[in-house]
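Engineer: Got a structure for you, written out below as C-alpha cells; questions coming shortly.
The values are calculated or read from the model by the stated rules, or taken from the named source; none is laboratory data. In this text the structure is predicted, and so the values were computed from the model without any measurement. So basically every Cβ, Gly included, is an ideal-geometry build from the backbone, and we count neighbours across all protein chains shown. Remember, those area values only see protein heavy atoms, side chains included, never the ligands or the DNA or RNA. Shrake-Rupley method; radii C 1.70, N 1.55, O 1.52, S 1.80 Å.
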Amino acid sequence: MTYHKDNARTGQYNDETALTLANVGTSTFGRVAFFAVDGKVDAQPLYLSNVNVPGVGVRNVLYVVTEHASAYAFDANSGTQLWRTSALGSGETPSDTRGCGQVTPEIGITATPVIDRTRGPNGALYLVAMTKNSSGTYFQRVHALDIATGAELFGGPQPITASFPGSGDNSSNGRVVFDPKQYEERAGLLMLNGVLYTAWTSHCDIGLYTGWVIGINAATLQQSSVVNITPNGSRGAIWMAGSGLAADNAGGIYFISGNGSFGETLNASGFPANGNFGNGFLKLSTSGGLAVADYFASFDTTSLSNADADFGSGGALVLPDMVDSGGRTRHLAVGAGKDAKIYVVDRDSMGKFSTSANNNYQVLSGAISGSVFSKPAYFNGALYYGAVGDRLKAFAISSARIAGTASSQTATSFNFPGTTPSISSNGNSNGIVWAVENSSTAVLHAYDASNLSRELYNSNQAPNGRDHFGAGNKFIAPVIANGRVYVGTPNGVVGFGLLP
C-alpha cells in the first residue's frame with residue numbers, strides 16, 4: 001500500500017464493490033467515523049484488510065501518521081486504537097517549522113508511508129520522521145514498524161545521511177552533503193524492488209539545499225543508493241505537493257524537480273554538462289544504483305526557475321501503455337506545474353532540452369486555467385486534473401493523445417491548492433471521483449467519473465452540518481477502501497461511508 005494507490009500514482013481504487021453511483025448520496029452516505037490522533041495528518045492514511053493483531057484477532061486496519069511523529073493503527077471497523085508508536089527519540093520533539101509556513105505547527109511525519117506485507121513476521125510499515133533534541137540538533141530517520149504490533153523492525157530506526165560528488169550548496173572537499181535540518185521528506189515513499197526511495201524538499205526556499213533522492217535497503221534500513229540532481233548548483237528540491245515518486249514496471253523512477261540550477265550547456269548525449277537538472281521532468285534508472293537516465297526541460301526552464309514559476313509544484317503520473325494512431329505502443333507520463341500547462345513525456349525518449357522549442361511528446365496549453373499544486377488521477381481512458389482556482393476537469397485520451405479540451409468538468413472551482421482526486425470503481429464500472437475542497441470548513445465531493453457535471457454528494461449538503469469535518473489539509477487526497485472514504489484532517493482522519 002502506497003501513496004495514491006499504486007507506484008504509477010494513478011489514484012485508481014478499482015476494487016471497490018460497496019460504493020456505487022446509485023448509493024452515494026446525501027440520504028444514504030455521510031460521515032460515519034472519526035479517528036482522533038495527536039497531531040496534524042498530512043500523509044494519506046493507508047488501509048489493510050485481514051491483519052492478524054496479537055491478542056485481538058484478524059482485523060481490517062487503518063494506519064495513520066502525524067506531524068507529532070506518531071504512527072497509529074486503528075480497527076477500521078470499530079475505531080478502536082490497536083497500537084501507537086512514537087518516532088521520537090529520548091528527549092526529542094518534532095521539528096519546529098524551520099521558519100517556513102508550509103508545514104505547521106510542527107514537522108514530524110509528513111510523507112505518506114509505504115507498507116510491504118512480505119517483510120518481517122507480519123509485514124512492515126516504512127516511514128520517515130524529522131525530530132530534534134534539546135541541543136537543537138535535527139534528525140531524519142527511517143523506521144520500519146511491524147504492522148501488527150507497531151514494534152521497530154530491522155534494527156531501526158536508522159539515521160539518514162548522504163553525500164554526493166559536487167561543488168554545489170553545502171559542499172565540502174568535493175562533495176555536497178545532506179544536512180538533516182535543511183530538508184523535509186514530503187513526497188510519498190516509494191518501494192521498488194526491495195528498495196525504499198525517499199525524495200527531499202527544503203523548507204520554503206530557505207538556506208542551502210539541493211535535490212536529493214536516497215534509496216534505502218528495505219531489509220537493513222541502510223543506504224543502498226543516492227543521487228543529487230543539482231550537485232554543482234543549488235535548489236532543485238522535490239516538492240510535488242506531497243505526491244510520491246512514480247515508477248513503471250521496467251524499474252524507472254519519474255518525478256518533477258522544483259526551481260533550481262539547470263545546465264543549458266549540454267554534453268554530446270544532450271545532458272547538462274554540469275550535471276544540474278533543476279526544474280525538469282526526470283527519469284532515474286535503478287539498476288546498479290541511482291542515476292539520471294533521461295529528462296525533459298522546457299525551453300524556458302531557466303527563466304521559469306528564476307521567477308519561481310517552476311514545474312515542480314505538481315506531481316507526476318505514469319500512464320498505462322497506449323497505442324498511437326500509427327499502431328506504436330507508447331509509454332507515457334504526465335505532469336503540470338505553476339505555468340498551467342500539462343506536459344506529456346514519452347518515457348522511452350523524454351525530449352531533453354532545447355533553447356528554442358519543447359521536444360517532449362505533447363504540451364497542452366489552455367486546457368487548465370490555473371497553476372497546479374496537486375496531481376492528477378487516471379481512470380478508464382481519462383485524465384483528471386484539479387488546478388488552483390479551476391474546476392476539476394476530465395480529459396479523454398485517444399490514440400495515446402490527451403484531448404486539449406475537457407470532456408466534462410465540475411460546477412465547483414477549487415481554491416488553493418486545487419485538488420488531488422482519487423477514483424473508486426469496481427473495475428471500470430461505478431467510477432466515482434472523490435475530491436477535497438480545502439478551506440476552513442473543508443468539503444468532500446463525489447462526482448460521476450463519466451460526467452463530472454453530475455455531483456453525487458458533498459459533505460455540505462446534509463442538514464445541521466451532519467457531515468462537516470472541520471478545516472482541510474493542504475495536500476490531502478482521499479483514500480477509498482471497503483466501502484469507506486478516508487480524509488486526513490488537522491487532528492485525525494474522518495471516515496465517510498454508507499449510513500446505518
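Engineer: Would the range 302-424 count as rounded, prolate or oblate if I go by the C-alpha gyration tensor, calling it rounded below 1.5 in a/c and otherwise prolate when a/b exceeds b/c, oblate otherwise?
Structural biologist: Working: a/c = 1.95, a/b = 1.08, b/c = 1.80.
The shape class here is oblate.
Engineer: Turning to a different aspect of this structure: Report the net charge of residues surrounding residue 245, where surrounding means a beta-carbon distance below 13 angstrom and charges are Lys +1, Arg +1, Asp -1, Glu -1. Kindly include the intermediate steps, with their values, before the conclusion.
Structural biologist: Numbers: positive: 9, 186, 283, 375; negative: 6, 185, 248.
Cβ neighbours under 13 Å give a net charge of +1.
Engineer: Give, as a single signed number, the net charge of other residues whose beta carbon lies under 14 Å from the beta carbon of residue 499, with Lys and Arg counted +1 and Asp and Glu -1. The partial results should precede the final answer.
Structural biologist: Working: positive: 31, 466, 484; negative: 467.
Neighbourhood net charge equals +2.
Engineer: Same structure, new question: How many angstrom separate the Cα center of the range 220-282 from the Cα center of the range 316-395?
Structural biologist: 18 Å
Engineer: Could I ask something else about it? Suppose R0 equals 35 Å; then what is the FRET efficiency for residue 264 and residue 173 from their Cβ-Cβ distance, rounded to the nearest 0.05?
Structural biologist: Between residue 264 and residue 173 the formula returns 0.80.
Engineer: If contacts are Cα pairs under 8 angstrom and at least 6 residues apart, what is the relative contact order of the chain in percent? Write down the numbers at each step before the final one.
Structural biologist: Working: 1514 pairs, mean separation 77.9, N = 500.
So the answer I get is 16 percent.
Engineer: Further, regarding this structure: By the gyration tensor of its Cα atoms, with a ≥ b ≥ c the square roots of the eigenvalues, what is the shape of the range 1-62: rounded for a/c under 1.5, prolate for a/b over b/c, or oblate? Don't skip to the answer; put the middle values down first.
Structural biologist: Values: a/c = 1.39, a/b = 1.23, b/c = 1.13.
Because its axes are fairly even, with a/c under 1.5, the range 1-62 counts as rounded.
Engineer: Read through the labelled values (i) 85, 66, 48; (ii) 65, 57, 39; (iii) 70, 56, 49 and report the label of the one computed as Cα extents along the principal axes in Å from the structure.
Structural biologist: Given (i) 85, 66, 48; (ii) 65, 57, 39; (iii) 70, 56, 49, the calculated one carries the label (ii).
Engineer: Rounded to the nearest 500, what is the 222 nm mean residue ellipticity of the chain from helices alone, with -39500 (n - 2.57) per DSSP H run of 4+ residues and division by all residues?
Structural biologist: -500 deg cm²/dmol
Engineer: Right, next: Rounded, prolate or oblate: which fits the range 202-272 when a ≥ b ≥ c are the square roots of the eigenvalues of the alpha-carbon gyration tensor, with rounded for a/c under 1.5 and prolate only if a/b beats b/c?
Structural biologist: Values: a/c = 1.67, a/b = 1.25, b/c = 1.33.
It comes out oblate by the Cα gyration axes.
Engineer: Further question on the same structure: Taking θ = phi - 60°, what integer Hz values does the Karplus form 6.51 cos²θ - 1.76 cosθ + 1.60 yield along the range 369-379, in sequence order, with x for Gly and Pro?
Structural biologist: 10, x, 5, 10, 10, 7, 9, x, 10, 10, 7
Engineer: Another question, if that's okay. In the structure shown, do any of 181/393; 132/338; 40/132 have a Cα-Cα gap over 29 Å, and if so which?
Structural biologist: Details: 181/393 38 Å; 132/338 33 Å; 40/132 18 Å.
181/393; 132/338, as the Cα separations exceed 29 Å there.
Engineer: Any idea of the accessible area per residue across the range 1-107, 1.4 Å probe, to the nearest Å²? Don't skip to the end; give the middle numbers.
Structural biologist: Values: 3960 Å² over 107 residues.
On a per-residue basis, 37 Å².
Engineer: Working out 0.36 nm times the residue gap between residue 306 and residue 17, then minus their Cα-Cα distance, what length gain in nm do you get to one decimal?
Structural biologist: Gain on extension, residue 306 to residue 17, equals 99.2 nm.
Engineer: Then there is this: Quick check for me: using +1 on Lys/Arg Cβ and -1 on Asp/Glu Cβ, what's the dipole size of the chain about its Cα centre, in debye to the nearest 20?
Structural biologist: Details: 30 positive and 34 negative charges, 65 e Å.
Result for the chain is approximately 320 debye, rounded to the nearest 20.
Engineer: Between residue 239 and residues 5 or more places away or on another chain, which pairs have amide H atoms under 5 Å apart, with H built 1.01 Å from N, and which residues are they?
Structural biologist: 258
Engineer: Read phi for every residue in the range 138-148 and hand back ³J(HN,Hα) as whole Hz from Karplus 6.51 cos²θ - 1.76 cosθ + 1.60, θ = phi - 60°, with x for Gly and Pro.
Structural biologist: Karplus values, whole Hz, x for Gly and Pro: 9, 10, 10, 10, 9, 10, 10, 10, 4, 5, 8.
Engineer: Mind listing which chymotrypsin sites (Phe, Trp or Tyr not before Pro) in the range 296-405 are in a DSSP loop and have 16 or fewer other Cβ atoms within 10 Å? Please report the intermediate quantities before stating the final value.
Structural biologist: Values: sites: 296, 299, 311, 343, 353, 361, 373, 378, 379, 384, 385, 395; in loops: 299, 311, 353, 361, 373.
Passing sites in the range 296-405 are 299.
Engineer: Figure the gain on full extension for residue 354 and residue 56 (residue separation times 0.36 nm, minus the Cα-Cα span) and round it to one decimal in nm. List each step's numbers first, then the result.
Structural biologist: Details: separation 298, 0.36 × 298 = 107.28 nm, distance 6.05 nm.
Once the chain is fully extended between residue 354 and residue 56, it gains 101.2 nm.
Engineer: Now for a different question. With a cut-off of 8 Å between alpha carbons and a minimum separation of six or more residues, what is the relative contact order of the range 8-146 in percent? Please list the in-between numbers first.
Structural biologist: Details: 248 pairs, mean separation 23.1, N = 139.
This gives 17 percent for the range 8-146.
Engineer: OK, next. Mind checking which aspartates and glutamates have their C-alpha under 12 Å from residue 474, skipping anything on the same chain fewer than 8 residues away?
Structural biologist: Cross-link targets: 42, 437.
Engineer: Using a 1.4 angstrom probe and counting only protein chains, how large is the accessible area of residue 286 in Å², to 10?
Structural biologist: That residue has around 40 Å² of solvent-accessible surface.
Engineer: Considering only protein heavy atoms and a probe of 1.4 Å, how much of the accessible area of the chain is carbon and sulfur, as a whole percent? Before the final figure, lay out each step's value.
Structural biologist: Values: 7570 of 16560 Å².
Percent of accessible area from carbon and sulfur atoms in the chain: 46.
Engineer: Turning to a different aspect of this structure: Could you point to the residue in 367, 349, 495 farthest towards the positive end of the range 340-495's charge dipole, with +1 and -1 charges on the Cβ of Lys/Arg and Asp/Glu respectively?
Structural biologist: Final value for the positive-end residue is 349.
Engineer: For the pair residue 193 and residue 104, what calculated FRET efficiency results from E = 1/(1 + (r/R0)^6), where r is the Cβ-Cβ distance and R0 = 35 Å, to the nearest 0.05? Provide the component values of the computation, followed by the final result.
Structural biologist: Values: r = 36 Å, r/R0 = 1.02.
Working from the Cβ atoms, E equals 0.45.
Engineer: Under a 5 Å amide H to amide H cut-off, with H placed in plane at 1.01 Å, what residues pair with residue 87 once short-range neighbours are removed?
Structural biologist: Counting only residues 5 or more places away or on other chains, the set is 70, 71.
Engineer: Test of understanding: what is the full-extension gain from residue 78 to residue 453, defined as 0.36 nm times their sequence separation minus their Cα-Cα distance?
Structural biologist: Values: separation 375, 0.36 × 375 = 135.00 nm, distance 3.50 nm.
This chain segment gains 131.5 nm when fully extended.
Engineer: State in Å² the accessible area per residue of the range 394-500; use a 1.4 Å probe, count heavy atoms of protein chains only, and round to the nearest integer.
Structural biologist: On the way: 3670 Å² over 107 residues.
Per residue, the range 394-500 has an accessible area of 34 Å².
Engineer: A follow-up question, please. Would you tally the net charge around residue 11, using a Cβ to Cβ cut-off of less than 14 Å, leaving residue 11 out, and scoring K and R as +1, D and E as -1? If you can, show how the numbers build up before the last one.
Structural biologist: Values: positive: 5, 9, 375; negative: 6, 15, 16.
Around residue 11, the surrounding residues sum to 0.
Engineer: Also: In what sequence, largest accessible area first, do 98, 141 appear using a 1.4 Å probe? Don't skip to the answer; put the middle values down first.
Structural biologist: Values: 98 60, 141 40 Å².
From most accessible down to least: 98, 141.
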